[in-house]
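A.B. asks: To start, I am sharing the structure in question, which I have written as structure tokens.
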Amino acid sequence: MAWSGLRTYDLDRPRQRMSLYRTVLAEGQYEDLVAFLDRDLLTAQWPALRTLVSRHVRQVWEERFPQLAAGASSAA
């Protein structure tokens, strides 16, 4: 999944955690999504994460999980 740059991530470091989530959201296969994403963390971080992914990725995730779009709206 990570073709260049970091190969390991310290999830206690917000920037590295966001980088991992951005990569998994954009490039991950089903198994990666299950292995690397935490629902509560994804929901909490979505308002920031949605600005780091492509419009297509953002739309797909918000259409599939309306609570992400709702959380982003209330954070704005």
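Bear in mind that the values in this text are calculations on the coordinates, not laboratory data. Everything numeric here is computed off the predicted structure, so don't read it as measured data. For neighbour counting, all protein chains shown are included, and Cβ atoms are generated from backbone atoms with ideal geometry for every residue, glycine included.
A.B. asks: For Rg and Dmax of the Cα atoms in Å, which listed value, (i) 12.0, 35; (ii) 13.2, 41; (iii) 11.5, 35, comes from the coordinates shown?
C.D. replies: Only one listed value fits the structure, namely (i).
A.B. asks: A follow-up question, please. What are the ³J(HN,Hα) values, in whole Hz, obtained from phi via the Karplus relation 6.51 cos²θ - 1.76 cosθ + 1.60 with θ = phi - 60°, for each residue of segment 27-42 in sequence order, with x given for Gly and Pro?
C.D. replies: With coefficients 6.51, -1.76 and 1.60, one gets 10, x, 8, 3, 4, 5, 4, 5, 6, 10, 9, 10, 3, 5, 5, 4 Hz.
A.B. asks: Further question: Nearest 10 degrees is fine. How inclined is helix 55-64 to the longest principal axis of the chain, computing both from alpha carbons?
C.D. replies: 60 degrees
A.B. asks: Same structure again: Quick one: which of 18-25, 43-50, 61-68, 7-14 comes out on top by average Cβ neighbours within 10 Å, and what's the full order, highest first?
C.D. replies: 18-25, 43-50, 61-68, 7-14
A.B. asks: Here is a follow-up. Which value in nm describes the separation of the simple spin-label points at Ala69 and Val34, placed 7 Å from the Cα toward the beta carbon?
C.D. replies: Using points 7 Å along Cα→Cβ, the separation is 2.7 nm.
A.B. asks: Another question about this same structure. Go ahead and estimate [θ] at 222 nm for the chain from helices alone: -39,500 (n - 2.57) per DSSP H run with n ≥ 4, summed, over the residue count, rounded to 500.
C.D. replies: So the helix-based figure for the chain works out to -20500 deg cm²/dmol.
A.B. asks: Under 8 Å for C-alpha pairs, at least 6 residues apart: give me the relative contact order for the chain, rounded to a whole percent.
C.D. replies: It rounds to 26 percent for the chain.
A.B. asks: Less than 10 Å Cβ to Cβ from Leu25, Lys/Arg counted +1 and Asp/Glu -1: what total charge do the surrounding residues give?
C.D. replies: Result for the local shell: +1.
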